[in-house]
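The values are calculated or read from the model by the stated rules, or taken from the named source; none is laboratory data. In this text the structure is predicted, and so the values were computed from the model without any measurement. Please note: Cβ atoms are built from the backbone with ideal geometry, for glycine as well, and neighbour counts cover all protein chains shown.
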Amino acid sequence: MKHRAVLRLVLLLLIAVASLAVAVLIGSVEIDWQGVLDGGTSRTILLDLRLPRALGAFACGGLLALAGALMQVLLRNPLADPYVLGVSGGAAVGALLAMLLGGAALVVGGAAFSGAFAAMLLVFALAHGEGSWTQTRLLLTGVIVASGSGAVVTLILSLAPEQALRGMLFWLMGDAGQISDPWPALALLGIGLAIALPFARDLNALARGEVLAQALGVRVGRLRGLVYFLAALLTAGAVTTAGSIGFVGLVVPHLARMLIGNDQRLLLPTAVLAGGALLTLADTLARTLIAPQQLPVGVLTALLGVPLFLFLLSRQPKTP
């Protein structure tokens, strides 16, 4: 069984590489390979526009899928996703405030990450209170912070000038076209996976219940804190890079479980590859469906994610 799971993981790796190749080669402008070799316009399009965008979309998809898989173990809730703890809302407040004040792209990215980090600390502080936090308390606190952030976002949109609204709305819906430097997101993805994998056995135990995990010698309190901060950091990195992109972190971990099973040692890298490939292909569709106009990639992930999630629900065994 494990041999079959490893083969599926290798196949998924090939699919991920193919998705990057498709994203680089397909577009509204046909690539002239002689021009690429000669350093012409085609080389600029290929290396300076399409490749960074494809790598950035792959990194964001992997970050969201990995964060979603970790959150579903942490909260023991199959409906948990990377945005459930208000990190996306905090990032949106920071980014839109920077846009409202006329900040450059680098300033907007820094403000988004600052907002996400502030929301992460706020949720953890409020959920912890004077004692140890529980999954329910953490979840409810995240929902409240997300709702408050949503109100602030609505206020900012109502005050923003018309010429700034389009950029704000694209950011809120998720837009990989704003990615110019994918390497920070790729580095964060690699670091996050490297941190999570050594704790895969402990996560397997935690997924079966806190009591069982403690009986097996898992330091549950420390593990939960690590998973929360890691998932929040991964989400902040993805949102800072490409805005709020929905459904990837919710649906992809379920797909990974169908392919690989629930062993976190294989599930986590599977989620990264599947999430990266899915978002890369979705972004390729977003910029080619009605070219030269481009769609926000978050719209496509939602349109793909809703029927896919309903299909996954229909596959669940019915309780008597």
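List of remarks:
- Screening G275 with (1) assigned to a loop (DSSP other than H, G, I, E, B); (2) over 20 Å from S180 (Cβ atoms); (3) not hydrophobic (A, V, I, L, M, F, W, C) gives one miss only, at (1).
- Verdict on A232 being at pLDDT below 90 and closer than 14 Å to A112 by Cβ: yes
- Qualifying residue in segment 162-182 (condition: under 20 Å from the mean Cα position of the chain (by Cα), within 25 Å of V6 (Cβ to Cβ) and at pLDDT 90 or above): no
- Residue in segment 260-271 that is in a helix (DSSP H, G or I), crowded, with 24+ Cβ neighbours inside 10 Å and modelled with pLDDT under 90 present: yes
- Checklist (1) modelled with pLDDT of 90 or more; (2) buried (at least 24 other Cβ atoms within 10 Å of the Cβ); (3) of a type outside the set (F, W, Y); (4) within 16 Å of L70 (Cβ to Cβ) applied to L278, failing item: (4)
- Residue within segment 145-163 that is loosely packed, with under 14 Cβ neighbours inside 10 Å, in a helix (DSSP H, G or I) and in contact (Cβ under 8 Å) with a residue 60 or more places away in the chain present: no
- Some residue of segment 207-225 being surrounded by 14 or more Cβ atoms within 10 Å (Cβ to Cβ) and touching a Lys or Arg at 6+ places or on another chain (Cβ under 6 Å): no
- Selection of segment 159-185 for residues being closer than 19 Å to A54 by Cβ and of a type outside the set (G, A, S) yields F170, D175, Q178, I179, D181, P182, W183, P184.
- Counting only helices (runs of 4 or more DSSP H) wholly contained in segment 1-111, the ones carrying 1 or more residues that are more than 23 Å from the chain's Cα centre (by Cα), within 30 Å of G209 (Cα to Cα) and of a type outside the set (A, V, I, L, M, F, W, C) occupy 2-25.
- Breaking point among (1) within 10 Å of the chain's Cα centre (by Cα); (2) assigned to a helix (DSSP H, G or I); (3) polar (S, T, N, Q), for T284: (1)
- Residues satisfying the criterion are present in segment 111-122 (criterion: surrounded by fewer than 20 Cβ atoms within 10 Å (Cβ to Cβ) and either among the acidic types (D, E) or free of Cβ contacts under 8 Å to residues at least 24 places away in the same chain (or both)).
- Inter-residue pairs, beta-carbon under 6 Å, first within 13 Å of Q135 (Cβ to Cβ) and in segment 209-226, second polar (S, T, N, Q) and at pLDDT below 85, 6+ apart: V220/Q214
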